[in-house]
């Protein structure tokens, strides 16, 4: 599900999440869904607490709140994975934004998540620690996080995850302990 082209970013995110929650909360509704929110490629004018990036993050926050509210009691059995296909550079570029980078984050939410913590092997932002001198060094394969959720929450076998869900990804073992 994606917002309609030209829709107000934050409001569109909330609307799409509300619709997805309604579908998924139905007794005969889907158990897995994917939402895509465009507009995160913020190379310029990201701004601080009131800039473009803050507006996008506020929209995501609103979407997660709408999804939780819309699921009602089903939220307790839910796992939401928020991820992006690329990270951003550690340094601001000449146009007050950041460029495509390597290291990023994944955020897990939902009642089925063993939450309240940050799981990381923090590489620091010291210049000598930056990957290729510009990026936050990657320390965890995103596939390991998603595999951990799919394995522990949905019972998908590690072999299936390594061969069919993420082909040729056997070295990226499912992360353990993500699900309550």
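The values are calculated or read from the model by the stated rules, or taken from the named source; none is laboratory data. The model shown is predicted, which means the values in this text are computed figures rather than measured ones. Neighbour counts run over all protein chains shown; Cβ positions are idealised from the backbone, glycine included.
Note on region 115-151: among residues that are in contact with a helix residue (DSSP H, G or I) (Cβ under 9 Å, 6 or more places away or on another chain) and loosely packed, with under 15 Cβ neighbours inside 10 Å, the one that is farthest from residue 92 (Cα to Cα) is 119. Only a single item in (1) surrounded by fewer than 16 Cβ atoms within 10 Å (Cβ to Cβ); (2) at pLDDT 95 or above; (3) in contact with a helix residue (DSSP H, G or I) (Cβ under 9 Å, 6 or more places away or on another chain) is not met by residue 62, and it is number (1). Given the structure, is residue 29 part of a loop (DSSP other than H, G, I, E, B), exposed (fewer than 12 other Cβ atoms within 10 Å of the Cβ) and free of Cβ contacts under 8 Å to residues at least 24 places away in the same chain? Judged against the criteria, residue 29 is not a match. Just the residues that are in contact with a strand residue (DSSP E or B) (Cβ under 6 Å, 6 or more places away or on another chain), under 20 Å from residue 49 (Cβ atoms) and assigned to a loop (DSSP other than H, G, I, E, B), please, taken from region 91-113. Scanning region 91-113 gives a single hit, 98.
Table: residues versus (1) under 18 Å from the mean Cα position of the chain (by Cα); (2) buried (at least 17 other Cβ atoms within 10 Å of the Cβ); (3) not in a helix (DSSP H, G or I).
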| residue | (1), (2), (3) |
| --- | --- |
| 34 | yes, no, yes |
| 39 | yes, no, yes |
| 46 | no, yes, yes |
| 49 | no, no, yes |
| 54 | yes, no, no |
| 57 | yes, no, no |
